[in-house]
Amino acid sequence: MSKLDDVQRLAGVLRGVTIAAMVVLPLAILGGLVAIPLTPDILSVDIAPSPDATRMQLMLAAGLGLLRPLILLWTLNEMRKLFGAYVTGDVLTDHAARLIQRIGQGFVAMAVVPFLVQPVQSVLLTMANPPGQRSVALGLDSEMIFFVLSGGLIILIGWAMREASAAAAENRAIV
């Protein structure tokens, strides 16, 4: 049995796990949205929302909070495609390298979106406070740094694979 067979088998398992995650994640989010009433307390933000925040402000803040899970779903779908390519033996190709780069872009987006969304959410949730008690929260944490660095690494690996794929194709054309 070749190592490619091992890659294909593991890729098949990982594709199945990824598909399961892509089904469970939206169901869990939808279940949470239906089961839990939208109050300032349940929003996962690092700032105390105004008790006078309007329903629209709460809904906008919650909607912004859904951007990260949407990016996660997109990234999982790119992983599913990559694992599917590996299952069919499409391993060291430009197509696989492009998918790897997209996964890296998803990781970077997973860091950038909260960095941009958190200040907007904080303004929305404290807008009902009197002047002087409104807030803008901006934060950077180790998870964001990890996702940016991991995403950058994955993008770079995909880029290197694209270069290697192009060189291999050029070599095949010469022979």
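Residue pairs whose Cβ atoms lie under 6 Å apart, separated by 6 or more positions or on different chains, with the first residue in the stretch 74-96 and without any contact (Cβ under 8 Å) to a residue 60 or more places away in the chain and the second among the polar types (S, T, N, Q), are L76/T18. Among the residues making up the stretch 147-159, those that are hydrophobic (A, V, I, L, M, F, W, C) and either in contact with a helix residue (DSSP H, G or I) (Cβ under 7 Å, 6 or more places away or on another chain) or touching a residue at least 12 places away in the same chain (Cβ under 8 Å) (or both) are F147, V148, L153, I154, I155, L156, I157, W159.
A search for C-beta distances below 6 Å between a residue of the stretch 1-17 that is closer than 15 Å to M79 by Cα and any residue that is hydrophobic (A, V, I, L, M, F, W, C) and surrounded by 10 or more Cβ atoms within 10 Å (Cβ to Cβ), counting only pairs 6+ apart in sequence or on different chains, returns Q8/V87; A11/F83; A11/V87; G12/V87; L14/F83; R15/F83. Scan the stretch 111-136 and report the pairs whose first residue is without any contact (Cβ under 8 Å) to a residue 60 or more places away in the chain and whose second residue is surrounded by fewer than 14 Cβ atoms within 10 Å (Cβ to Cβ) and not polar (S, T, N, Q), with Cβ atoms within less than 7 Å and a gap of 6+ or a chain change. Here the result reads F115/L140; P119/V136; P119/L138; V123/V136, each pair linking the stretch 111-136 to a residue that is surrounded by fewer than 14 Cβ atoms within 10 Å (Cβ to Cβ) and not polar (S, T, N, Q).
When the stretch 34-45 is examined, which residues are found to be modelled with pLDDT of 65 or more and touching a helix residue (DSSP H, G or I) at 6+ places or on another chain (Cβ under 7 Å)? Answer for the stretch 34-45, where residues must be modelled with pLDDT of 65 or more and touching a helix residue (DSSP H, G or I) at 6+ places or on another chain (Cβ under 7 Å): I36, L38, L43, V45.
Every residue, every condition in (1) part of a helix (DSSP H, G or I); (2) surrounded by 16 or more Cβ atoms within 10 Å (Cβ to Cβ); (3) at positive phi, yes or no:
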site	(1), (2), (3)
L92	no, no, no
R98	yes, yes, no
R102	yes, yes, no
F115	yes, no, no
P131	no, no, no
L138	no, no, no
I145	yes, no, no
I157	yes, no, no
A166	yes, no, no
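Being within 17 Å of Q121 (Cβ to Cβ) and charged (D, E, K, R) narrows it down to one residue among R102, R55; which is it? Explain how you work it out, then say what you get.
Numbers: R102 fails: within 17 Å of Q121 (Cβ to Cβ).
After applying the criteria, what remains is R55.
Quick one: is T75 part of a helix (DSSP H, G or I), out of contact with any Gly (no Cβ under 7 Å at 6 or more places or on another chain) and either hydroxyl-bearing (S, T, Y) or modelled with pLDDT under 90 (or both)? So T75 fails the test.
The values are calculated or read from the model by the stated rules, or taken from the named source; none is laboratory data. Just so you know, these numbers come straight off a predicted model, no measurement behind them. We place every Cβ from the backbone using ideal geometry, glycine too, and count neighbours over all the protein chains shown.
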